[in-house]
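Working notes, beginning with the structure itself.
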Amino acid sequence: MPKFKRFVQKAILSCLIFIILSFSFVPLVHARAETGMWYKQSFQEWITKVDDSPENEIFGERYTAAQVQWVIYGLFYFILNMGTAGNTEAVTCL
């Protein structure tokens with residue numbers, strides 16, 4: 001029975017922490033909603049946000065741009081690797 005009681009205590013504590021953390025983000029979401037539709041940016045707004053922010057800042061648009069770039073690099077590497085039959089020296093030479 002003590003194990004079950006401990007489990008219930010942990011479950012209740014976890015739920016309380018989740019609720020507190022969830023409500024701590026509500027003002028942030030509400031503030032963004034008031035400034036306009038954050039998901040309907042023009043291409044120029046998106047590029048400006050990605051390129052003109054401080055280099056060490058990570059956020060959605062910049063991370064998405066990086067992920068797309070990594071996927072494209074991965075596709076090129078995949079094609080090169082298949083074309084050279086896995087010969088790393090040939091890939092490096094190319």
Region 48-77: chymotrypsin sites (Phe, Trp or Tyr not before Pro) in DSSP loop, at most 13 other beta carbons within 10 Å: PHE59
If the reach is capped at under 25 angstrom between alpha carbons, list the lysines near LYS49, excluding any in the same chain fewer than eight residues apart. LYS40
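Readers should treat all values here as calculations from the given coordinates under stated rules, not as data from a laboratory. These numbers come from a predicted model, not from an experiment. Here the Cβ is made from the backbone with ideal geometry for all residues, glycine too, and neighbour counts use every protein chain on show.
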